[in-house]
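Comments concern the structure below.
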Amino acid sequence: MTPRSLLVTGTDTGIGKTHSSVALLHALRATGMRAVGMKPVASGCDWRDGGWRNEDALALQAAGDPRPDYADVNPFALPEPTAPTLAARAAGVRIDVAVLHAAHARLAASADLVIVEGAGGWDAPLAEGLEHRDLARHLGGAVVMVVGLRLGCLSHARLTARAIAADGCRLVGWIGNRIDPDFSRADDYVELLGQALPAPCLGILPFGLDPARAAERLDAEAMLAALPLSP
């Protein structure tokens, strides 16, 4: 188990997990930490530079310091843009957990903290027989939840927080992401989320703001304080 890692999950797909994860990397680096990102399983990839590449994984790679190898950031790059389980079947690929763990270990050896982005929501399988809870437990059990601020997010966030706790993991913070510029009640929902969720808000990210600038809206110190200490 590597305590100085955490898993970033979300209330759904398309709510800004990568945007938030990249912003977190910038925020952590601003504190002087060496921080790198990882997208263990990514579906929806393009062929370039002699291999399959995923835009989210490339963004995580670019935001890391030291800059890691793509193969470690994204050990399983699957072409079809669908659920990872279906994408793996379509590609004839078996997701080997040992390969994921080995790639993570290499990233952790060169950094102070590894931000690992999941796929979809908490209960969306990463692969056949591999759940987010399994990966989170291997990383030490610390989870950050990204909430896409839109109608329905309150229920989705509360259900996700309960599922994380029920699976034996610990929510150390949540990020609100303004994904809908026309959602006029976003501030009211942020207030309700703050009252309902059992972890601190690490920041609210404005719609369309570059991740490097969005990092200034995140409280990296609060997140670090909630993580277990390295042995």
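The values are calculated or read from the model by the stated rules, or taken from the named source; none is laboratory data. Remember, it's a predicted structure, so these values are computed and weren't measured experimentally. Cβ atoms come from the backbone with ideal geometry, glycine included; neighbour counts cover every protein chain shown.
Within segment 192-205, the residues that satisfy the criterion of being on the phi < 0 side of the Ramachandran plot and surrounded by 12 or more Cβ atoms within 10 Å (Cβ to Cβ) are Leu192, Leu193, Gly194, Ala196, Leu197, Pro198, Ala199, Pro200, Cys201, Leu202, Ile204, Leu205. Screening segment 1-51 for strands (runs of 3 or more DSSP E) wholly inside it with 1 or more residues that are modelled with pLDDT of 95 or more, of a type outside the set (Phe, Trp, Tyr) and more than 17 Å from Leu171 (Cα to Cα) returns the ranges 35-38, 41-43, 46-48. Filtering Gly168, Gly176 for residues that are modelled with pLDDT of 95 or more, within 25 Å of Arg137 (Cα to Cα), not in a loop (DSSP other than H, G, I, E, B) and not hydroxyl-bearing (Ser, Thr, Tyr) leaves a single hit, Gly176. Taken over segment 128-165, residues that are of a type in the set (A, V, I, L, M) and in a helix (DSSP H, G or I) amount to 10. Taking the numbered list (1) free of Cβ contacts under 8 Å to residues at least 24 places away in the same chain; (2) of a type in the set (Gly, Ala, Ser); (3) out of contact with any helix residue (DSSP H, G or I) (no Cβ under 9 Å at 6 or more places or on another chain); (4) closer than 19 Å to His26 by Cα in turn, Ala98 passes all entries but (4).
When segment 108-126 is limited to residues that are under 17 Å from Asp56 (Cα atoms) and among the hydrophobic types (A, V, I, L, M, F, W, C), the one that is surrounded by the most Cβ atoms within 10 Å (Cβ to Cβ) turns out to be Val114.
Taking every residue in segment 25-36 that is over 11 Å from Leu113 (Cα atoms) and pairing it with any residue that is among the basic types (Lys, Arg), at least 6 positions away or on another chain, the pairs with Cβ-Cβ distances below 9 Å are His26/Arg213; Ala27/Arg217. The residue pairs whose first member lies in segment 173-202 and is over 18 Å from Gly10 (Cα atoms), whose second member is surrounded by fewer than 17 Cβ atoms within 10 Å (Cβ to Cβ), and whose beta carbons are closer than 8 Å, counting only pairs six or more residues apart or on different chains, are Pro181/Phe207; Pro181/Gly208; Phe183/Leu151. Within segment 14-49, being within 14 Å of the chain's Cα centre (by Cα) and β-branched (Val, Ile, Thr) holds for Ile15, Thr18, Val22, Val36, Val41. Scanning segment 47-71 for residues that are surrounded by 14 or more Cβ atoms within 10 Å (Cβ to Cβ) and of a type outside the set (Gly, Ala, Ser) yields Trp52, Arg53, Asn54, Asp56, Leu58, Leu60, Gln61, Asp65, Pro68, Tyr70.
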